[in-house]
Amino acid sequence: MKSSEVDAYLGRLGVARPARPSLDALRELHLRHLQTVPFENLSVHLGEAVVLDEKRLLDKVVGARRGGFCYELNGAFAALLDALGFEVTLLAARVHGPRGRLGIPYDHMALRVRTVDAGDWLADVGFGAHSHYPLSWRERSEQEDPGGSFRIAEAGPD
């Protein structure tokens with residue numbers, strides 16, 4: 001991502017460029033993303049092509065000032081974080097559906113983000129209602145957040 005694209009994205013979020021890829025910076029970026037970029041799946045209903053390459057994601061989220069669904073929002077956010085010096089891993093995820101059943105494989109995408117000062121965090125700006133802040137990757141007990149109580153659990157090989 002070019003420096004001008006980073007600046008435009010940060011402008012969309014209403015934040016300054018962080019000095020380093022720290023936990024405080026990640027927390028601010030995560031919250032501001034949730035507050036300014038909506039979850040939406042209008043492209044599907046409007047018959048628009050959904051293309052997940054970086055340029056198209058930035059054109060939609062930053063240029064057109066729209067939202068998107070998890071793959072779009074977390075994909076764009078991952079590109080921003082990477083450009084800011086965070087180490088980011090894209091994660092295939094599954095969502096709990098009715099009666100606690102797991103949805104189909106790959107029905108969601110989230111991010112594992114490494115900070116320079118506080119290790120790994122689960123970031124997810126593509127779910128709509130979720131945690132306001134990243135969740136500690138290594139913590140397996142309940143994590144309290146303004147958005148609710150969350151727990152990261154090992155779910156098996158799939």
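Of all residues in segment 23-46, those being within 16 Å of the chain's Cα centre (by Cα) and hydroxyl-bearing (Ser, Thr, Tyr) number 1.
Within the span defined as segment 44-51, every residue fails to be more than 25 Å from TYR106 (Cβ to Cβ), of a type in the set (D, E, K, R) and not in a helix (DSSP H, G or I). Quick one: would you say THR89 is under 12 Å from the mean Cα position of the chain (by Cα) and either polar (S, T, N, Q) or farther than 24 Å from GLY11 by Cα (or both)? The answer is yes for THR89. Taken together, LEU52, LEU23, LEU57, LEU81 contain a single residue that is closer than 21 Å to ILE152 by Cα and not aromatic (Phe, Trp, Tyr), which is LEU23.
Evaluation of ALA49 against the conditions (1) under 21 Å from GLY128 (Cβ atoms); (2) over 14 Å from the mean Cα position of the chain (by Cα); (3) modelled with pLDDT under 95 shows that the sole unmet condition is (1). For segment 105-158, which positions are closer than 28 Å to ARG66 by Cα, over 17 Å from the mean Cα position of the chain (by Cα) and of a type in the set (Val, Ile, Thr)? Once the filter is applied, which keeps residues that are closer than 28 Å to ARG66 by Cα, over 17 Å from the mean Cα position of the chain (by Cα) and of a type in the set (Val, Ile, Thr), segment 105-158 yields nothing.
Determine whether segment 44-54 contains at least one residue that is under 19 Å from ARG114 (Cβ atoms), without any contact (Cβ under 8 Å) to a residue 40 or more places away in the chain and hydrophobic (A, V, I, L, M, F, W, C). No, there is no match, as no residue in segment 44-54 is under 19 Å from ARG114 (Cβ atoms), without any contact (Cβ under 8 Å) to a residue 40 or more places away in the chain and hydrophobic (A, V, I, L, M, F, W, C).
Restricting LEU23, LEU13, LEU31 to residues that are surrounded by 15 or more Cβ atoms within 10 Å (Cβ to Cβ), in contact with a helix residue (DSSP H, G or I) (Cβ under 7 Å, 6 or more places away or on another chain) and touching a residue at least 24 places away in the same chain (Cβ under 8 Å) narrows the list to LEU13. Residues in segment 1-42 that are among the basic types (Lys, Arg) and either assigned to a loop (DSSP other than H, G, I, E, B) or within 16 Å of VAL62 (Cβ to Cβ) (or both): LYS2, ARG12, ARG17, ARG20, ARG32. Here the condition is being at positive phi and either charged (D, E, K, R) or touching a helix residue (DSSP H, G or I) at 6+ places or on another chain (Cβ under 9 Å) (or both); of ARG99, ARG94, ARG114, it holds for ARG99 alone. For segment 55-83, the set of residues classified as touching a Lys or Arg at 6+ places or on another chain (Cβ under 9 Å) and charged (D, E, K, R) consists of LYS60, ARG65, ARG66, GLU72, listed by residue number. It is to be established whether one or more residues within segment 63-76 are among the aliphatic types (A, V, I, L, M) and more than 12 Å from the chain's Cα centre (by Cα). For segment 63-76, residues among the aliphatic types (A, V, I, L, M) and more than 12 Å from the chain's Cα centre (by Cα): present.
The values are calculated or read from the model by the stated rules, or taken from the named source; none is laboratory data. Source: prediction; values computed, not measured. Neighbour counts are summed over all protein chains in view; Cβ atoms, including those assigned to glycine, are modelled from backbone coordinates with ideal geometry.
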